[in-house]
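Presented below is the structure to which this report refers.
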Amino acid sequence: MKKTPVFLDSLVTDMLHLRAICPFSWRVFQFRPISCEPLIIQMNKCTDEEQIFDFIERNKAILSEKQVGCAFDMLWKLQKQKTSLLKNVEYVRDHPQFLTLHNLATNKFKLMNDDTLVNVLHITQRFAGESHDPLVEALVTEAWRRLERFDIKLLSEFSSCLADQHLYFSPLMGKIADIVHRNLETTQDLRLKSTLLLMSEDLTGEQALAVLRAMEDMESRNSHLIKRVTSVLHKHLDSYKPLELLKITQALTFLHFQRKEFSAKLRELLLSYLKISFIPTEVSILVYAISLLPSPHLDEVGISRIEAVLPQCNLNNLSNFATSVLRWIQYDHMYLDSITGKQLKLLQKLDHYGRQRLQHSNSLDLLWEELKSVRGNTFPESLLEETIATLQHFVDEINYINVVEIASFISNTDYLSTLLLDRIASVAVQQIEKIHPFTILAIILPFSTLNYDPPQRDEFFGTCVQHLNSYLGILDPLMLVCLGFSLATLQYFPEDLLKSIFNIEFLARLDSQLEILSSSLSARVQFHLMELNRSICLECPEFQIPWFHDRFCQQYNKGIGGMSGAQQQIYKMLTEVLGGINCVKASVLTPYYHTVDFECILDKRKKPLPYGSHNIAWGQLPEMPWESNTEIVGSRLPPGAERIALEFLDSKSFCRNIPHMKGKSAMKKRHLEILGYRVIQISQFEWNSMALSTKDARMDYLRERIFGEVKS
């Protein structure tokens, strides 16, 4: 497990201030060897690690920074050829001459050119065994100093290094995004000599791909720039490898780029690669890319190529194939109104080989090598069930080293396994000192998402929060907001943590960071902050934290869409059950801006009250100071009357394996009850069950839920 070094998050914050105070010199001129070529030629002839380590031992006194970089590069190239990556990484990392190389890099990194510097950082992270590696610290610091002069390719590689350290939302990552954004949006006439070489027709294929991926990260859908970049991509399309073609396909899909000629050539190229490929990972990449294109189906040759490599596939390959086939089935069902037997037969084979792979796993470490790249939310249902069962078999092997990754995987699956979650909580409580504080959010997230309290609930949450307390001042603002919201979902409100969020200084830091994020990520963080603010106002009014999200909510609610098919059915039946359209309201906004699917009011004799009588509507949303939050509802109803909220819960509101309500739906129910509602939740599973297959049955169901009537 890669842990986030403690220094990094504080480092990038401090350097924002330091950089403004004094400029750094870019180079220190020192004596360097006249020629380093012969030694590099010798190194390139090495065929295993021992030869490279012997070379380092013999030449350590004279190695230049270029040769040090070459040694790192050679070691990593050899690793990529190995079948058991973990074993070889440990062997290299523990070798005495690797420490020598590590020390040489520490002494010479300032002399490295930009490409070598970032490459050594990338490789050092792959070999790093400690959470705090001084060489990584030094390389990140030096890269920060040079950041403004990095080209788009290096910016992309450096940002990947930060992402590997889980610093997706750090100020440094924000600075990189800001540089990319400035160059993409404001520069109109760049040529080869300029920083990013963006608008030039002379862009290389590699540069065009780097620009496209930067646009994807920034969600920049500038049609003129997309057109210029894709024209270069089109020209170089034949030179790209399968993985690069996948990245192109993913980026253009995300940016909503549609041009028939380009898509046709891309599809033709992917299919031509597929016909000659025998490597399972490459075949899965090609099939996945094809599935993203318009008309994603495969011919007989494509299907036979998948079937040929299935016995050699790992779980990640099989997951990619399954996702691709399901996308193919969905397309055929929507546009051709048919599903072929070949597709279903292929899914059965994927399921068979996946189960076989899982059943042959004999340790959690080996299983995790295959699972760590799998996105849990795309795993086929049957394989997911078998995967969770296998993880449960190895539950005693979950420890402080792998607990964060296991927790993250479970969060993405929406699969509730109390056995696994109890083990995660137990490991966190018992081994908290060995777990990096900045990974606490990942550990808490599955409990929040899946709405689960472990047996030692208060001890678990308390231990996690206590472990973070001394880092609240340097924790990334976005991460802190998400952590606060996740804990609030679980009805856990640590006062110190919340007061560190709801103060002027923190909110100013957060605002400045939101400005340089992509629009969707910025909106997601702002929404979490609003939800946290709402939760505290309703559930912890004693904290006296004011509500300040009226304006945000008014803007957000402008985009709320219409009703689903099931909601329309319920609405029509409610008008009949309640005695008319004026006795039920749809899409009602409550104080603090929860949206209720349907609302009705019963008087003290359980008779529906029509809206417009007795001043019972919410009307204009009032100012809501914290002191009077819980009294807004009761003061506006006739004596003895009750306000009812009816909520339709689709499958996304429940865990994937059982009808257990997830965290956000449970939180909303609590809030509506605090506001004075009696909440009736209608699950998709009930509404679409055989018991409610007729209109009469559904009408009786609604009457029973609203009035308590049971038909004899």
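The values are calculated or read from the model by the stated rules, or taken from the named source; none is laboratory data. Because the structure is predicted, anything quoted here is derived from the model rather than measured. Note that each Cβ is placed from the backbone with ideal geometry, even for glycine, and that neighbours are counted across all protein chains shown. Just so you know, the surface numbers come from the protein's heavy atoms only, side chains and all, with ligands and any DNA or RNA stripped out. Shrake-Rupley method; radii C 1.70, N 1.55, O 1.52, S 1.80 Å.
Taken as Cα centroids, region 217-231 and region 243-277 sit 16 Å apart, rounded to the nearest whole angstrom. The Ile279 and Asp299 beta-carbon pair, evaluated with R₀ = 25 Å, returns a calculated FRET efficiency of approximately 0.80.
Label positions at Ser223 and Lys606, each projected 7 Å from the Cα along the C-beta direction, are separated by 5.9 nm. Computed extension length for Glu137-Glu57: 26.3 nm, one decimal, from 0.36 nm per residue of separation with the Cα-Cα distance subtracted. Sorting Tyr273, Tyr556, Tyr288 by accessible area puts them as Tyr556, Tyr273, Tyr288; the probe is 1.4 Å, largest comes first, and only protein heavy atoms count.
Against the criterion of solvent-accessible heavy-atom surface with a 1.4 angstrom probe, Tyr701, Tyr331 sort, most first, into Tyr331, Tyr701.
FRET efficiency for the Thr100 to Arg149 pair, using the beta carbon distance and R₀ = 51 Å, is estimated at 0.95. Taking every protein chain into account, the 1.4 Å probe leaves Ser651 with about 60 Å² of accessible area, to the nearest ten. For Ser156, the solvent-accessible surface with a 1.4 Å probe is about 40 Å², rounded to the nearest 10. The distance between label points at Gln456 and Ser519 comes to 4.7 nm (points 7 Å beyond Cα on the Cα→Cβ vector). Please work out how much length the chain gains when fully extended from Lys235 to Glu686, using 0.36 nm per residue of separation minus the C-alpha to C-alpha distance, in nm with one decimal. Using 0.36 nm per residue and subtracting the Cα-Cα distance, I get 156.9 nm. Of Lys60/Lys108; Lys585/Lys669; Lys372/Lys664; Lys80/Lys247, which pairs sit farther than 22 Å apart, going by alpha carbon to alpha carbon? Table pairs above 22 Å Cα-Cα are Lys372/Lys664.
A simple spin-label model places pseudo-atoms 7 Å from Cα toward Cβ; at Leu243 and Ser587 they are separated by 4.6 nm. Taking the Kirkwood radius as Rh and the Cα radius of gyration as Rg, region 425-571 has a ratio of Rg/Rh equal to 1.01.
In this structure, the residue pairs whose Cα-Cα separation is over 20 Å, taken from Lys265/Lys342; Lys66/Lys110; Lys260/Lys342, are Lys265/Lys342; Lys260/Lys342.
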